[in-house]
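Accompanying notes for the structure given below.
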Amino acid sequence: MTTHSLEALRAQAAAIVRDNDRGAYTVPTKGLYPFQWNWDSCLTALGQRHSDERRAFLEIETLFAHQWPDGMVPHIVFHTPDDSYFPGPEVWRTGRPTPTSGITQPPVAGLVLRRLVETAADRALAEEKARLLLPKIAAWHRWFHAMRDPAGSGLVAILHPWESGRDNSIDWDEALARVPTDGVEPYVRRDTQHVDPAERPRKVEYDRYLWLVQRFRSLGWDNRVLHDASPFRVVDPAINAILVRSEEDIAHLARRFGETELAAEAEARAARARAAFDSLWSPDLGQYLPFDRVAGQLVTSPSVGGLLPLLAGLGDEGKRIAMRDRIRTLRSRVRRGVPTHDPADPRFEAKRYWRGPCWLIINYLLADGLDRCGFPEDAAAVRADSLALVENGFAEYYDPLTGEGLGGGNFTWTAAIVIETLATSAAA
Ligand code: DGY
């Protein structure tokens with residue numbers, strides 16, 4: 001791309017982030033997602049920091065202002081009423097002063113915070129903000145281990161596919177199939193009024209998503225009992241890798257600020273998780289796999305979730321090379337990568353949300369991991385795929401076989417990742 005077209009791309013991306021800005025938080029896209037989402041907001045801050053560092057911190061501060069007393073940071077904050085989304089606060093009924101959902105999402109806040117601090121133009125502002133956010137992020141990480149790993153295995157489980165952020169990934173099919181659907185209250189989906197149903201999860205999944213919400217609601221959203229009461233309990237390698245990385249990033253910041261106790265605690269949690277990670281490795285597939293805690297077995301689903309451990313430098317050198325090779329293989333099977341599921345798997349669907357399409361935030365995290373593990377050329381190739389994909393618009397996700405943009409349009413985190421990639425990587 002020429003310098004001129006890169007500049008035009010950056011300007012378009014910045015305009016999208018501004019247009020979706022609601023003052024103290026940013027909506028992922030108009031219509032389809034009219035509230036604040038947890039990991040969307042944190043990753044959006046990566047783009048916002050290039051024009052306004054104070055605004056970038058505010059995005060995360062607003063999210064953490066709605067942290068639960070037990071430490072959980074909810075996956076949606078319903079700041080203002082809007083019936084263009086389902087399920088809204090009347091379904092969740094979590095009883096929070098500002099309504100929120102009752103589940104969480106991948107804990108990227110720690111890794112984003114470190115990046116914000118280390119690259120800040122205004123060091124004093126960044127340190128002041130980070131000092132206040134650190135104990136809140138640490139409380140969230142502590143919550144993950146206490147509530148989602150009550151037996152102390154070192155790895156945390158998700159209790160709902162939405163907690164993974166990769167809602168209808170093939171990773172969850174087997175565990176979700178065991179969730180009943182009896183007693184699900186009648187409902188009308190809104191997502192399929194905004195987006196072609198062929199690009200969204202199926203009804204069979206939505207029924208189960210809602211059954212789980214109703215079950216947790218009936219237990220008063222008491223996280224001390226939800227883990228053991230849930231028929232869906234899956235250890236996702238991606239969320240655990242993100243957690244390890246964020247633990248290490250907050251520990252790094254804490255040491256820098258002289259918060260040695262917080263640092264040591266985060267390091268200890270990360271070390272326990274590292275030691276447990278080998279149990280998720282599949283030598284046959286050359287990547288990590290989810291572990292179904294209810295069935296007591298690994299799930300044979302070679303998705304991108306099992307490659308995100310690169311982000312935390314997990315595994316020995318042989319495992320890291322195997323994961324890099326899996327990314328090469330996945331990219332070789334499509335026009336643009338990285339597909340979120342292996343196209344060689346008959347369950348792959350090129351257009352359906354998390355069952356195959358490419359997502360720029362996943363590419364961003366994979367490229368970061370590839371760099372960290374010593375594979376800069378592979379990282380550059382993944383970033384180049386991302387920039388090629390946005391030539392088809394700032395979509396929510398993309399068909400890896402054709403490059404077509406899918407799902408919601410003018411999507412905030414897609415735009416934010418483009419801004420961050422253009423500003424920081426040699427690929428641009
Ligand atoms: C949705 O509604 O599709 C969201 O991904 C759930 O968080």
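The values are calculated or read from the model by the stated rules, or taken from the named source; none is laboratory data. These numbers were taken from a predicted model, which means no experiment stands behind them. Note that each Cβ is placed from the backbone with ideal geometry, even for glycine, and that neighbours are counted across all protein chains shown. All accessible areas refer to the heavy atoms of the entire protein, side chains included, with ligands and DNA or RNA removed. Shrake-Rupley method; radii C 1.70, N 1.55, O 1.52, S 1.80 Å.
Here is a yes/no grid of residues against (1) open to solvent by 30 Å² or more (accessible area, probe 1.4 Å); (2) within 19 Å of the chain's Cα centre (by Cα); (3) of a type in the set (Ser, Thr, Tyr):
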{"residue": "Met1", "(1), (2), (3)": "yes, no, no"}
{"residue": "Leu6", "(1), (2), (3)": "no, no, no"}
{"residue": "Leu43", "(1), (2), (3)": "no, yes, no"}
{"residue": "Leu58", "(1), (2), (3)": "yes, no, no"}
{"residue": "His66", "(1), (2), (3)": "yes, yes, no"}
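Being part of a loop (DSSP other than H, G, I, E, B), over 19 Å from Asp171 (Cα atoms) and touching a residue at least 12 places away in the same chain (Cβ under 8 Å) is true for just one of Gly403, Gly369. Which residue is that? Unique residue meeting the criteria: Gly403.
In region 142-158, the count of residues that are in a strand (DSSP E or B), open to solvent by less than 10 Å² (accessible area, probe 1.4 Å) and either in contact with a Gly (Cβ under 7 Å, 6 or more places away or on another chain) or over 27 Å from Ser425 (Cα atoms) (or both) is one or more.
Among what's in region 159-172 and is among the polar types (S, T, N, Q) and either more than 9 Å from the ligand (Cβ to nearest atom) or not in a loop (DSSP other than H, G, I, E, B) (or both), pick the residue that is farthest from Ile239 (Cα to Cα).
Only one residue fits best here, namely Ser169.
Among the numbered conditions (1) in a helix (DSSP H, G or I); (2) more than 16 Å from the ligand (Cβ to nearest atom); (3) small (Gly, Ala, Ser), the only one that Ala198 does not meet is (2).
Within region 78-96, the only residue that satisfies the criterion of being more than 12 Å from the ligand (Cβ to nearest atom), open to solvent by less than 50 Å² (accessible area, probe 1.4 Å) and free of Cβ contacts under 8 Å to residues at least 40 places away in the same chain is Pro89.
For Val108, indicate whether it is in contact with a Cys (Cβ under 8 Å, 6 or more places away or on another chain), within 16 Å of the ligand (Cβ to nearest atom) and under 25 Å from Arg269 (Cα atoms).
Working: in contact with a Cys (Cβ under 8 Å, 6 or more places away or on another chain): yes; within 16 Å of the ligand (Cβ to nearest atom): yes; under 25 Å from Arg269 (Cα atoms): yes.
Criteria met by Val108.
For every residue, the table says whether it meets (1) in a helix (DSSP H, G or I); (2) within 16 Å of the ligand (Cβ to nearest atom).
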{"position": "Met1", "(1), (2)": "no, no"}
{"position": "Ala8", "(1), (2)": "yes, no"}
{"position": "Gln12", "(1), (2)": "yes, no"}
{"position": "Val17", "(1), (2)": "yes, no"}
{"position": "Gly23", "(1), (2)": "no, no"}
{"position": "Ser41", "(1), (2)": "yes, yes"}
{"position": "Asp70", "(1), (2)": "no, no"}
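Assessment of region 115-125 against the conditions (farther than 17 Å from Asn223 by Cα and under 20 Å from the mean Cα position of the chain (by Cα)) yields at least one matching residue.
Residues Asp284, Asp316, Asp292, Asp278: which one is at pLDDT 95 or above and open to solvent by less than 50 Å² (accessible area, probe 1.4 Å)? Show your work before the answer.
Details: Asp284 fails: open to solvent by less than 50 Å² (accessible area, probe 1.4 Å); Asp316 fails: open to solvent by less than 50 Å² (accessible area, probe 1.4 Å); Asp278 fails: open to solvent by less than 50 Å² (accessible area, probe 1.4 Å).
It is Asp292.
Residues in region 173-195 that are in a helix (DSSP H, G or I) and within 13 Å of the ligand (Cβ to nearest atom): Asp191, Thr192, Gln193, His194.
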